[in-house]
Every structure is written in structure tokens, then in C-alpha cells.
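The values are calculated or read from the model by the stated rules, or taken from the named source; none is laboratory data. All of these numbers come straight from a predicted model, not from anything done at the bench. Note that each Cβ is placed from the backbone with ideal geometry, even for glycine, and that neighbours are counted across all protein chains shown. SASA here: full protein model, heavy atoms, side chains in, ligands and nucleic acids out. Shrake-Rupley method; radii C 1.70, N 1.55, O 1.52, S 1.80 Å.
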2 protein chains.
Amino acid sequence: MLVATPQSLHFDAPLALQSGASIRQYDLAFETYGTLNSAKTNAVLICHALNASHHVAGVYAGQAKSEGWWDNMVGPGKPVDTDRFFVIGVNNLGSCFGSTGPMHANPDSPDGQVYGADFPVVTVEDWVHAQALLLDRLGIRTLAAVMGGSLGGMQAIAWALLYPERVRRAVVVASAPNLTAENIAFNEVARRAIVTDPDFHGGNFYRHGVVPKRGLRIARMIGHITYLSDDVMNAKFGRQLRSTVVQAGASQDYRYSTQDVEFQIESYLRYQGDKFADYFDANTYLLITRALDYFDPARAFGGNLSHALARARCKFLLVSFVTDWRFAPARSREIVKALLDKQRDVSYAEIDAPHGHDAFLLDDPRYHGVVRSHFESLAAEVLV
Amino acid sequence: MLVATPQSLHFDAPLALQSGASIRQYDLAFETYGTLNSAKTNAVLICHALNASHHVAGVYAGQAKSEGWWDNMVGPGKPVDTDRFFVIGVNNLGSCFGSTGPMHANPDSPDGQVYGADFPVVTVEDWVHAQALLLDRLGIRTLAAVMGGSLGGMQAIAWALLYPERVRRAVVVASAPNLTAENIAFNEVARRAIVTDPDFHGGNFYRHGVVPKRGLRIARMIGHITYLSDDVMNAKFGRQLRSTVVQAGASQDYRYSTQDVEFQIESYLRYQGDKFADYFDANTYLLITRALDYFDPARAFGGNLSHALARARCKFLLVSFVTDWRFAPARSREIVKALLDKQRDVSYAEIDAPHGHDAFLLDDPRYHGVVRSHFESLAAEVLV
């Protein structure tokens, strides 16, 4: 079993952000797995999505249940094989898992208050610039691959465009070239639930000793619905009532209540909401959903994605899932088409998995097979 | 222009509910349009969905902007032609538009408090029984048709099953034989937003002089997303930024804010949420979404919809909309198939309208044409 060790590096030079603001100094939390070869050709950067972190793979010493969020994908003998590749997971700025974020002290605050709502808006591109600085410190010039799912896939795209000479391969899973109006709408409802929770206190809830848990629960419940497919929800929960002891042969009756849990799906969503509200930071939720909203590389090219992607030099692998209605296959196909328009080298797999957007985190043999063979060909290229 | 006049009837006999509870006495608000013929063969009942009322058609005297919610469908010369049919709209029990509901005095309260959260859970079948009692009072034995969209369509189905001898035709638009897990999930998130709003006070907010507007706003925003198709949202809003004055040729820049409105879709949803929170009752929202959750005529038949629908004797018209992902065409087809299994007379139209679930309220010539010809053939049958 891979044992993971969280690390951190401090950065003293200010990071200029896309918004025009800057972060004066910051820490980046990260983990590495495997060994960097002497030619430094085997580094793979894994970018995380909304509620994940730098803890991509392995477990922490003495904590058997602390698997990384992509442990089925990254590790010894796994599709991204840490016996061959040196894999880096990094926590993004504004997150709540170790890198500098809203719950850390604001160096510009005279009385040492935390950033709270004053943490500057960060974008996918800002994250990528910070990741590049981390790689500089680790002595890595070129990535064999940058890889991510969902929002992580957007970072992989941004890498290919901002640092075309530093990336050999970009692996973009269950992602999109930008959010649709509906995607933004779901994010906005989640943000409104958080911001209008009286315990949010304009984002400065820390000093009030409270957490806007009501809003966080609602935000997570909404998110969770969009991560699952209708099919898998019906297969897993359907219209099942909350389990109670029912006599053999007897049909369980409704309770007829508007507020009690009646259906299993309600119980599941409430549980997910409660769990999330216990560990996730409300300001981080706002920041990360906004980074999703803002990502739109075609914007600077009048909406022309082909022109935007023309800067990329790497090979691409795109993967989408048929039942993903958050980032539907059509969105991945837009990227594939734009890359082909510019004669870029792109492979694309559309996986008929039933799990919706969540499929990118799950263990599907066809999906993992595609990634595995992509990294095998990459190994043949860089491990000489 | 049709001028509508709201009416109300008081019912003294208790109404036994599906839950085992009862409503001791109650009022039903309703409107009628057109004239009941002497043979009493031309009555059409229109059932309303989540946030509508008995005000189906026409305007109130002196209020030009008070069109009924289905005014494009019902009126003189409209598809449901009030020059030929006597059309009845009725507000359902538990609603907040005139019929007895949570904001009315609870006759069992010693100090005359309103029902609030104590209003009993009402089901689609309970509404239909109350509607039947209203028809008795109006001297109408048989309906030429019962018609509704969405939740209103469920009432039309329930009419066909509970009073098969009193219905000639059932017109079921954009409906479903029950809710999926995902449908229930969206309802549950909306309910949690309302119930966890500190201003909800366990449903007894009236006596505190407040309204759980935060929760109502979130509930409405979620609902609204599910009423629209992804396509129409992209066509109408896309990724447009909130309109500001932009110099010719200049590209409008992001504001980089997590809490301000940045995209048009956000502005639209906030507006819809605000408007709804100003007029809709929170307890009514809980009751009506629960009525949706509970509706499942196949449940008493071990999940066999064909067996459940075997009781129906009327002719059916079903209409669905290709882009409706709340109650997708597949759900209407389940009903059609179940009716055909039992050799019932059923017509079905699947309309390729872009507007999603909302299409049932909009003026589409193909959709209205189908309904018009159905009512013309009905007129030929009943107006002799």
C-alpha cells in the first residue's frame, strides 16, 4: 500500500492574478508518489476538482481509511503507474485543505484576521500559474502529462495553453470547454444558499464562531444531484422508502409527512449534505464554483475554441461518460473537434458508464484501460 | 376579452384524506368560463400544477395584466373553446390562492391559530375527491374532459382511475406516472432550503411575523432550472454577462466577484426567486411537492402501471415535449404503453419544442393544434 506524506512549500513572491489582484505570499500543499527519474522526464501532475485536494493516492501512515481521491487511478501498477511515473498532487489556492485559502491569516489585515470573503477571486489559469511555480521549485521543467477530471480537466487544458512547451500530454476527463447557462445556474443556486445563510455573515463567519452549515448542506445536495445520472439514481434509490421493519408480505405505507425523511434518496442526500458541511469551507465553495464559471479559453478568441486551442502543442486524451449530464459527451466532442481543426494529436473515448459525472472517479475497466494504455505509450516515449 | 370572476364554495362535511387524517371543513376557490349546456355534457375541468391556481383563463375586471395561467389554451376560440365548453378551474386544498390552506384558521386550534405546519398532507387523490365534491355542488355528473399539465396531468390520471364513470376524456400534458429519484431529490433540496431557513420556525412563521423568503427563493431557483431545457437556457442566456454599457468593439470584462451578479442567468434566477418569495406560501410549497412525490398509481398494484390504469374507461390524449427533462417523453410513453396494454383508446403527441417542461404553458402551434383537434372531436361527440 502506497503511503502518502503531505508536504508544503512557502512562496514569498506575490502571485499576480487574472483579476488584477494578487496574493502577497502563500503556501501550496502537495504530495508526490513514485520517483523522479534522473532525466526528469516522468513527472505527472494531477489537478483536482471541486471538493478534492492534493491527497490523490495512497493512505496516510496509520490511517487505513484515508485513501486519496483518485487512488483507483494512481499508484503502483495502477493506470497512472507510480512505479514508472513521478506523480504530483497539489492543492489549489483558495481551497480549504492546506494551501493558502480564506481561512488563513490575511497578511494585509492589521489585526491578523483571516481572509474570509476578502480572499481574492482565483481562476483556473491562476491555479495553473501557481502549479508551474511549484514545479519550478521541484526542479521539474517538463511534465510528461497533466491530468484531471471535471474542473481538474479544465486545468489540464489551461496547462496546454499557458505552458505549451512544458506539457507532453494532457488528459482531460469528464470536462468541458466552459460552463453552460445551466451549469452556471446550479452553481449560482448553491452560492445563494450559502451567502443567504444568516451564519455566513458576509463571509466573515469565522470571527462569529459559526459555520453556514445550512447553506453548505443545500449546496452539496444540489451538487450531488448533478454528479449522478438519473439512471443510477433510479437503480440505487428509485422510489424506495426509508428502510423500516416491514412484516413479510406487507406493503410499507407512506408516513405522510412533509418534513420527515420518506424516501431513501432523501436520506442519502441529507447524509451527503451533513458530511460535507462538517469539513468544507463556505468561502472556498464560492471561490471554486466561480473558477468553474469563469473558465472559458475561447472567450479571448471571440468564442472560437479552435483558435484558442491552437496554442497547444501536446498530445491530448479526452474521456467522457455517456450518462454525464453535467459535462455531457457533447462538450468533450467540442474540444476534440476544435483540436482536430488545428491538426492536433487527440484521442477520444466515450465510455458507456451508468454513473453520470461521478464516473470519472469510479473504477470502470474500459475507462481505466484507455488511460492505462495512454500512459503505457507515454512511458515508451519518455522512459528510455 | 374573457372576464373571470373568482368564486368560492364552503364545504361543511369533513374530507377524509388518504393519510387517515381529515379536513373538518373547507372552502374551494374556483372559476368557470363559458356556459353549461342544458344536457350538462360540456364541462371541462382544468387541474393546476405547482404554483398556479383556479385562475386559468381571462382577466379580472379592471386588471389588464391578470391573465389566467393557461389563457393561451382556454378561452373563446382557443384550443379549449369556452364558446363551446363550460370550463372549470379549481384551486387545490393546501394551496395559497383561495382554497383552504396552511395560512387559514385551524378549526381545531383553541386560540384560532392558523394551520401552518399542522395542515394535513394532501395527495393528488385527495384533491380529486374534493374536486368531485365541487362538481356535485355545481350539478355536474360527468366531465367531457379533465385536463392538466405536469402535476395537473397527474390529477387528470387520478380522475380517470377514481371516477372512471364520470370522465369522457383525460388530457395529460408533460406529466409522468410518478416521480423518479432525481425528481424527488430536487423537491427534497427545495424543501430543505425552506425548512432550514431560520424564519421558517417549524412552519409557524406566521405568528412570528416573518416569511422564510431565503428558502423560498432557493426553492424557486432550483425549480426554475428544472423547468427549462439546457438548450433554451443557452439560447436565452448562454454565458452572457449582466448587461452594462460596453464601448463598441470592447470586450466586456469579468468583474471577478463571488457574490455579485456576473452572468445574465444569475440575474434572471435571482429575479424569479425574489418574485416567488413575495407571493408563495412556504407550507404550501412543502405540501404540493409532497403530493408530487407521493403520486404513484401503480404502487397499489405492485408497481404494475398497466394493472393500475385498467380501471380507466375514458379516452386519453397524452402530450410530451422532447426537451422536457423534468418529465421526459419516456415517462409519458410509459403511460401510453400501459394504456395500450389494456386496449384503452389513447392518442399521443411528442412535440419537438425547445422550451423544456415549461413548454406545456407556452403557445406552440403544433401542441395547440393537437389539443384543438382533440376538443373538436370531443365537441362532435358531446354537443349534439
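Just a few scattered comments:
- When the residues of the range B:263-299 are filtered to those that are within 8 Å of chain A (Cβ to nearest Cβ) and among the aliphatic types (A, V, I, L, M), the one that is farthest from B:Arg207 (Cα to Cα) is B:Ile265.
- Scanning the range A:170-182 for residues that are at the interface with chain B (Cβ under 7 Å from one of its Cβ atoms) and within 17 Å of the chain's Cα centre (by Cα) yields a single hit, A:Asn178.
- Taking first residues from the range B:1-17 that are without any contact (Cβ under 8 Å) to a residue 60 or more places away in the chain and partners that are surrounded by 15 or more Cβ atoms within 10 Å (Cβ to Cβ) and part of a loop (DSSP other than H, G, I, E, B), the Cβ contacts under 8 Å between residues at least 6 apart in sequence or on separate chains come to B:Met1/B:Gly58; B:Val3/B:Gly58.
- Of all the numbered requirements in (1) under 22 Å from the mean Cα position of the chain (by Cα); (2) modelled with pLDDT of 95 or more, A:Ala117 misses one, and that requirement is (2).
- Given (1) of a type in the set (Val, Ile, Thr); (2) under 20 Å from the mean Cα position of the chain (by Cα); (3) closer than 22 Å to A:Ala130 by Cβ, number of the condition A:Val59 does not satisfy: (3)
- Scanning the range A:332-352 for residues that are buried (at least 21 other Cβ atoms within 10 Å of the Cβ) and closer than 18 Å to A:Leu228 by Cβ gives a single hit, A:Ile351.
- Looking only at the range A:266-312, and only at residues there that are touching a residue at least 60 places away in the same chain (Cβ under 8 Å) and in a loop (DSSP other than H, G, I, E, B), the one that is farthest from A:Phe97 (Cα to Cα): A:Arg311
- So A:Gln25, is it open to solvent by 40 Å² or more (accessible area, probe 1.4 Å) and in contact with a helix residue (DSSP H, G or I) (Cβ under 9 Å, 6 or more places away or on another chain): no
Okay, residues lined up against (1) surrounded by fewer than 24 Cβ atoms within 10 Å (Cβ to Cβ); (2) touching a helix residue (DSSP H, G or I) at 6+ places or on another chain (Cβ under 8 Å); (3) under 25 Å from B:His357 (Cβ atoms); (4) of a type in the set (A, V, I, L, M):
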| position | (1), (2), (3), (4) |
| --- | --- |
| B:Gly153 | no, no, yes, no |
| B:Tyr163 | yes, yes, no, no |
| B:Val171 | no, yes, yes, yes |
| B:Ala174 | no, yes, yes, yes |
| B:Asn183 | yes, yes, yes, no |
| B:Val195 | yes, yes, yes, yes |
| B:Pro198 | yes, yes, no, no |
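- Just one of the listed residues (A:Phe119, A:Phe85) is closer than 21 Å to A:Ala21 by Cβ and crowded, with 22+ Cβ neighbours inside 10 Å, namely A:Phe119.
- Failed item, numbered, when B:His357 is tested on (1) more than 23 Å from B:Ala43 (Cα to Cα); (2) in contact (Cβ under 8 Å) with a residue 12 or more places away in the chain; (3) open to solvent by 50 Å² or more (accessible area, probe 1.4 Å): (3)
- Answer residue from the range B:239-250, given it is open to solvent by 90 Å² or more (accessible area, probe 1.4 Å) and among the polar types (S, T, N, Q) and is modelled with the highest pLDDT among those: B:Gln240
- Which numbered condition A:Ser109 misses (of (1) within 22 Å of A:Pro6 (Cα to Cα); (2) in a loop (DSSP other than H, G, I, E, B); (3) polar (S, T, N, Q)): (1)
- Residue in the range A:274-294 that is modelled with pLDDT of 95 or more, under 20 Å from A:Val146 (Cα atoms) and open to solvent by 10 Å² or more (accessible area, probe 1.4 Å) present: no
- Pair list, Cβ under 7 Å, 6 or more apart: the range A:112-133 residue closer than 16 Å to A:Gly203 by Cα, other residue among the aromatic types (Phe, Trp, Tyr) and in a helix (DSSP H, G or I): A:Val114/A:Tyr206; A:Gly116/A:Tyr206
- Among the candidates A:Asp253, A:Asp199, the residue that is within 11 Å of chain B (Cβ to nearest Cβ) and modelled with pLDDT under 95 is uniquely A:Asp253.
- Flag if B:Ile140 is open to solvent by less than 10 Å² (accessible area, probe 1.4 Å), part of a loop (DSSP other than H, G, I, E, B) and touching a residue at least 60 places away in the same chain (Cβ under 8 Å): yes
- Meets criteria (more than 10 Å from every other protein chain (Cβ to nearest Cβ), surrounded by 21 or more Cβ atoms within 10 Å (Cβ to Cβ) and assigned to a helix (DSSP H, G or I)) for B:Ala190: no
- Figure legend. Inter-residue proximity from the range A:36-49: first residues of a type in the set (Lys, Arg), second residues modelled with pLDDT of 95 or more, beta-carbon distance below 8 Å, spacing 6+ or different chains. Indicated pairs: A:Lys40/A:Gly139; A:Lys40/A:Ile140; A:Lys40/A:Arg141; A:Lys40/A:Thr142.
Table: residues versus (1) surrounded by 17 or more Cβ atoms within 10 Å (Cβ to Cβ); (2) among the acidic types (Asp, Glu); (3) more than 28 Å from A:Leu292 (Cβ to Cβ).
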{"site": "A:Ser8", "(1), (2), (3)": "no, no, no"}
{"site": "A:Ala29", "(1), (2), (3)": "yes, no, no"}
{"site": "A:Tyr33", "(1), (2), (3)": "yes, no, no"}
{"site": "A:Ile46", "(1), (2), (3)": "yes, no, no"}
{"site": "A:Leu50", "(1), (2), (3)": "yes, no, no"}
{"site": "A:His55", "(1), (2), (3)": "yes, no, no"}
{"site": "A:Tyr60", "(1), (2), (3)": "no, no, yes"}
{"site": "A:Trp69", "(1), (2), (3)": "yes, no, no"}
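- If only residues of the range A:205-217 that are open to solvent by 10 Å² or more (accessible area, probe 1.4 Å) and at pLDDT 95 or above are counted, the one that is nearest to the other protein chains (Cβ to nearest Cβ) is A:Arg214.
- Per this entry, A:Ala185 is counted among residues that are under 30 Å from B:Phe237 (Cβ atoms) and either part of a strand (DSSP E or B) or within 14 Å of another protein chain (Cβ to nearest Cβ) (or both).
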